[in-house]
Amino acid sequence: MSNTTIQTVVFDAYGTLFDVYSIGALAERLYPGQGAALSVLWRDKQIEYTRLISLSDPSPQGSRHYQSFWDITRLSLRYALARLGLAHTHANEDALMAQYAELSAFPENLAVLRTLRERGVATAILSNGSPEMLASAVHSAGMSELLDAVLSVDSVRQFKTTPTSYQIVTDHFGLTPAEVLFVSSNAWDVMGATWFGFTTLWVNRQGLPPEAIGPAPHHTGRDLTAVLQVLG
C-alpha cells in the first residue's frame, strides 16, 4: 500500500455500501406514483431523528433518549407515510422494513472488498445501524467474509456525527484517527469524520456540490473504486 499512513479502511453502511433508495421499487409497487417521494422523505426523517437524539443529550454515557436505528427507521417510515397522506397498513410497513433489512449493495462493492482482502488491508463498517440490521444487510450482500469488523454506534448510544461515535473505530483497532481511511457517501458523515481526524473519502455518487461549511474531505470519488485509487 503506497499510502503508508492508512492502516484500515472503515465504511459507512447506508448509502455507501447499501443503497437506501433501492427500497423505492417496492415503495412504488405499494404506493404507485409515490415511491420515490416516500423513499426520500423516509431517509431524511431517519437522519433527522438521529441528530435530534444525539444533540438533545450528547453525554459520554449515551443519550437517555436513544432508540435503536431499527426503531427509528420504522418510526420514520410511519411519519413519511402520514406526511404524504399515504395509507398505513401493518402489512405494507412490515414489507418495507423487511426490504430495508436486505438493501441492495452497490455493484462494485464486492470486487473492491475482495481486492482489499487480497492486499491484506483491514476493513470494517461503522454505522448508525443496529447490530441486527447490519448483520442482516452484510449477510444478504455476501460481505460476511470480507469485513474484519462490523461496528455499531449502538455500543455507545450516540449516533454519528458525535466524536464518541467515531472513537469506536480508534478504540477497536488501537489506531490514531489519521491511520483510518473513513469512507462515506454522506457528506455530513464525511465532515464529522474529518473533524474527528480521520483521513476521509467522500463517495459522491449523486454528483452533489460540496458542503459550504466545514473542512473538505481529503479525497473524493464517484464510487467505491476510489478507495483503491486512494490507497494506490
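The values are calculated or read from the model by the stated rules, or taken from the named source; none is laboratory data. Everything quoted here is computed from the prediction, not taken from an experiment. We place every Cβ from the backbone using ideal geometry, glycine too, and count neighbours over all the protein chains shown. Accessible surface areas use protein heavy atoms only, side chains included; no ligands, DNA or RNA. Shrake-Rupley method; radii C 1.70, N 1.55, O 1.52, S 1.80 Å.
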> Label-point separation (nm) for residue 55 and residue 229, each offset 7 Å from Cα along Cα-to-Cβ?
Replying inline: 3.4 nm
> When ligands, DNA and RNA are left out and all protein chains stay put, how many square angstrom of accessible area per residue does the stretch 1-143 have with a 1.4 Å probe?
Replying inline: 44 Å²
> Can you give the relative contact order of the chain as a percent, counting alpha carbon pairs under 8 Å and 6+ residues apart?
Replying inline: 25 percent
> Per the Kirkwood formula on distinct C-alpha pairs, the Rh of the stretch 93-187 is how many angstrom?
Replying inline: 14.4 Å
> If the chain between residue 167 and residue 195 were fully stretched, how many nm would it gain, using 0.36 nm times the residue separation less the Cα-Cα distance?
Replying inline: 8.9 nm
>> Compute for the stretch 1-84: radius of gyration divided by Kirkwood radius, i.e. Rg/Rh, restricted to C-alpha atoms, rounded to two decimals.
In response: 1.12
>> Can you give me the % of accessible surface on the chain that is carbon or sulfur? Probe 1.4 Å, all protein chains present, nothing else counted.
In response: 54 percent
>> Order 155-162, 178-185, 212-219 from most to least packed using the mean count of other Cβ atoms within 10 Å.
In response: 178-185, 155-162, 212-219
> Which log10 I(q)/I(0) values, to two decimals, does the chain give at q = 0.13 Å⁻¹ under the Debye formula with one point per Cα?
Replying inline: -0.76
> What's the angle, to the nearest 10 degrees (0 to 90), between helix 35-56's Cα axis and the longest principal axis of the chain?
Replying inline: 60 degrees
> Using a 1.4 Å probe, how large is the accessible area of residue 133, given in Å² and rounded to the nearest 10?
Replying inline: 10 Å²
>> Compute the helix-to-body angle for 109-119: its Cα long axis versus the longest principal axis of the chain, expressed 0 to 90° and rounded to tens.
In response: 20 degrees
>> What is the angle, in °, between the Cα long axis of helix 69-83 and the longest principal axis of the Cα atoms in the chain? Nearest 10 is fine, range 0 to 90.
In response: 40 degrees
> Using a simple spin-label model with points 7 Å from Cα along the Cα→Cβ vector, what separation in nm is obtained for residue 149 and residue 36?
Replying inline: 4.0 nm
>> With every protein chain kept in place and ligands, DNA and RNA left out, what is the accessible area per residue of the stretch 162-218? Probe 1.4 Å, answer in Å².
In response: 43 Å²
> What full-extension length gain, to one decimal in nm, is calculated for residue 104 and residue 82 as 0.36 nm per residue of separation minus the Cα-Cα distance?
Replying inline: 5.3 nm
